[in-house]
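The values are calculated or read from the model by the stated rules, or taken from the named source; none is laboratory data. If you're wondering where the values come from, they're calculated on a predicted model, not measured in any experiment. No Cβ is skipped: glycine too gets one built from the backbone with ideal geometry, and neighbour counts run over all protein chains shown.
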Amino acid sequence: MRVYVPLTLAGLAEAHRTGELGTGPLAAYAVTPALREWCLSDDIEELEYAALNRAALASLRQLAADADTARRRVVVAADVADGAASAGPGRGLEGDPDQGHEDAPASLGEVLLAGPLRLAEVASVHVDSADAEADVAAAAEALAAADGGDDDARSVVEGTEDHELLWYATQEIPNLVGTGR
């Protein structure tokens, strides 16, 4: 199963230093039955893109909670055994608890990984380009108001969708976190 783990550049640097992401349980996003239902698609590439975007939004939430980290969303993609990811309450691996909602709740497609994810299991890293930083910073500032229903703030948050995350091979992680030569 392909999972998408939301991080920040600081979190990626820590994973590079320790060789693993988190200590578990680790929140990630994947193609779940609830996400399939919400997307109304059977195209696996489209579904994985939706899961990646859910993780990018979760990365934005991490940025909003940490004003000291670089304003670039980071998502790590990894392949794990099907049994390694489980649903928590409302996460929808076993069905669609969110059916009938017009907007997808933040937990749609969310899964939990019981333990840490070794960096060796990572397939790729997806990161905003430097030119996205101003929009990402504005979205991180507007996130609480958007969650509260402010349409202008929601528009600012949705503006990050105009920035595609760039794909990086795992060998490029040292350069992304500033330890490359």
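Quick check on segment 43-62. Is at least one of its residues among the hydroxyl-bearing types (S, T, Y), in contact with a strand residue (DSSP E or B) (Cβ under 8 Å, 6 or more places away or on another chain), under 26 Å from V156 (Cα atoms) and part of a helix (DSSP H, G or I)?
Taking every residue of segment 43-62 in turn, at least one turns out to be among the hydroxyl-bearing types (S, T, Y), in contact with a strand residue (DSSP E or B) (Cβ under 8 Å, 6 or more places away or on another chain), under 26 Å from V156 (Cα atoms) and part of a helix (DSSP H, G or I).
Six or more apart or on different chains, Cβ under 6 Å: which pairs go from a residue in segment 106-128 that's on the phi < 0 side of the Ramachandran plot and part of a loop (DSSP other than H, G, I, E, B) to one that's buried (at least 17 other Cβ atoms within 10 Å of the Cβ) and basic (K, R)? Could you list them?
Within 6 Å, the pairs are S107/R91; D128/R72; D128/R73.
Mind checking whether some residue in segment 90-105 is within 21 Å of P25 (Cα to Cα), crowded, with 17+ Cβ neighbours inside 10 Å and modelled with pLDDT of 90 or more?
no
Any residue at all in segment 41-51 that's in contact with a Gly (Cβ under 8 Å, 6 or more places away or on another chain) and at pLDDT below 90?
No, that holds for no residue.
Cβ-Cβ distance below 6 Å, separation of 6 or more or different chains: which pairs start in segment 1-21 with a residue that is charged (D, E, K, R) and end on one that is surrounded by fewer than 20 Cβ atoms within 10 Å (Cβ to Cβ) and in a loop (DSSP other than H, G, I, E, B)?
Hits for this filter: E20/P116.
Find the residue count for segment 23-42, including only residues that are hydrophobic (A, V, I, L, M, F, W, C), closer than 15 Å to S107 by Cα and part of a loop (DSSP other than H, G, I, E, B).
Of the residues in that region, 2 qualify.
Of all residues in segment 26-45, which are closer than 30 Å to E133 by Cβ and either among the polar types (S, T, N, Q) or touching a Leu at 6+ places or on another chain (Cβ under 7 Å) (or both)?
Step one: filter segment 26-45 for residues closer than 30 Å to E133 by Cβ, giving 26-31, 35, 38-39, 45.
Selection gives L26, A27, A28, V31, L35, W38, C39.
Can you run down the residue pairs with Cβ atoms below 7 Å, 6 or more apart or on separate chains, where the first is in segment 73-87 and within 13 Å of R118 (Cα to Cα) and touching a residue at least 60 places away in the same chain (Cβ under 8 Å) and the partner is polar (S, T, N, Q) and not in a loop (DSSP other than H, G, I, E, B)?
Note: pairs meeting the criteria are A77/S124.
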